[in-house]
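Reading through the structure tokens given below for one structure.
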Amino acid sequence: MATHGKRYNAAAQGLDPKAVYDLTEAIELAKKSATAKFPETLDVAVRLGVDPRHGDQMVRGTTNLPHGTGKVRKVAVFAKGELAAAAEEAGADTVGAEELITQIQQGWRDFDILLATPDMMGNVGRTLGRTLGPRMPSPRSGTVTNDIGRVVRDIKSASRVEYRVDKAGIIHMPIGKVTFTTDQLIENFGVLLSALVKARPAAAKGRYLRSITVSSTMGPGFQVDTARAQALAEKA
């Protein structure tokens, strides 16, 4: 059974774990429960009606949040020539080709996201496929592209986010910092949920959005009314 610290327990005191809230109320409660000395992230956990063990029910992709996440991530790029120069100009933290492959083979991992141009993927896949696992650049997630400058800029501006369903059928995503306004967080949430609804696999049967929970980094979770949330997503 999971144990929580004093800060979490204090924030959760008096809350009904089975209560379901309107999105605005859930976000405001999550913001209020964030009492850490650093600006906590507001996270969303969406449980989907899919079985990720089947390839045709995998939910994975990217979307751009209008107000970003508030977190700047380190980007490494496999690229050569003009595309390497475009990645550097856009603000990539590390850019390389064969030398970057060797660096990662030797254990270097000082990056949050890996991007690659299509011409690099043959060598990257053969050499690092097993080493990188889910961190491997993928066309499906939008991390393999010739439009490398734009993608790097989107990530460095903290607007581009990647989502991927886990083994339990849940997608965990940040939608901003608790210092964002409630309206900004609602707008980010709507765009994210809209992307998930559009990414629904044809093989998924029955209810797709099973549950949605909003929480701050150190705080308790607040369940969101899925029907109202989906209506918001359809407007985004």
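Side notes on the structure shown:
- Pairs of lysines in the chain (C-alpha under 12 Å apart; 8 or more residues apart or interchain): 4
- Accessible surface calculations at 1.4 Å, restricted to protein heavy atoms, place the chain at 51 Å² per residue.
- Loop trypsin sites (Lys or Arg not before Pro), the stretch 116-177, which have at most 16 other Cβ atoms in a 10 Å radius of their Cβ (DSSP): Arg140, Lys167
- Note: relative contact order over the stretch 57-110, using C-alpha pairs below 8 Å and six or more positions apart, is 29 percent.
- Whether the stretch 29-102 is rounded, prolate or oblate, judged on the alpha carbon gyration tensor where a/c under 1.5 counts as rounded: oblate
- Within the accessible area of the stretch 59-165 (1.4 Å probe), percent carbon and sulfur: 45
- Shape class for the stretch 68-111, computed from the alpha carbon gyration tensor (a ≥ b ≥ c): oblate, with a/c not under 1.5 and a/b at or below b/c.
- Relative contact order of the chain, taken over Cα pairs closer than 8 Å and 6 or more residues apart, is 39 percent.
- Net length gained if the chain between Glu162 and Lys32 were fully extended (0.36 nm per residue, minus Cα distance): 44.1 nm
- Centroid-to-centroid separation of the stretch 34-99 and the stretch 101-134 [C-alpha atoms, Å]: 15
- The orientation-averaged projected area of the convex hull spanned by the Cα atoms of the chain comes to 14.3 nm².
- Protein-only accessible surface order, largest first, of His54, His67 at 1.4 Å: His54, His67
- Average silhouette area of the stretch 51-160, convex hull of alpha-carbon atoms, in square nanometres: 7.4
- In this rough spin-label picture, where each label sits 7 Å from Cα along the Cβ direction, the Asn146-Thr217 distance is 4.0 nm.
The values are calculated or read from the model by the stated rules, or taken from the named source; none is laboratory data. Note that the coordinates shown come from a computational prediction; the quantities given were computed from them, not determined experimentally. Neighbour counts run over all protein chains shown; Cβ positions are idealised from the backbone, glycine included. SASA here: full protein model, heavy atoms, side chains in, ligands and nucleic acids out. Shrake-Rupley method; radii C 1.70, N 1.55, O 1.52, S 1.80 Å.
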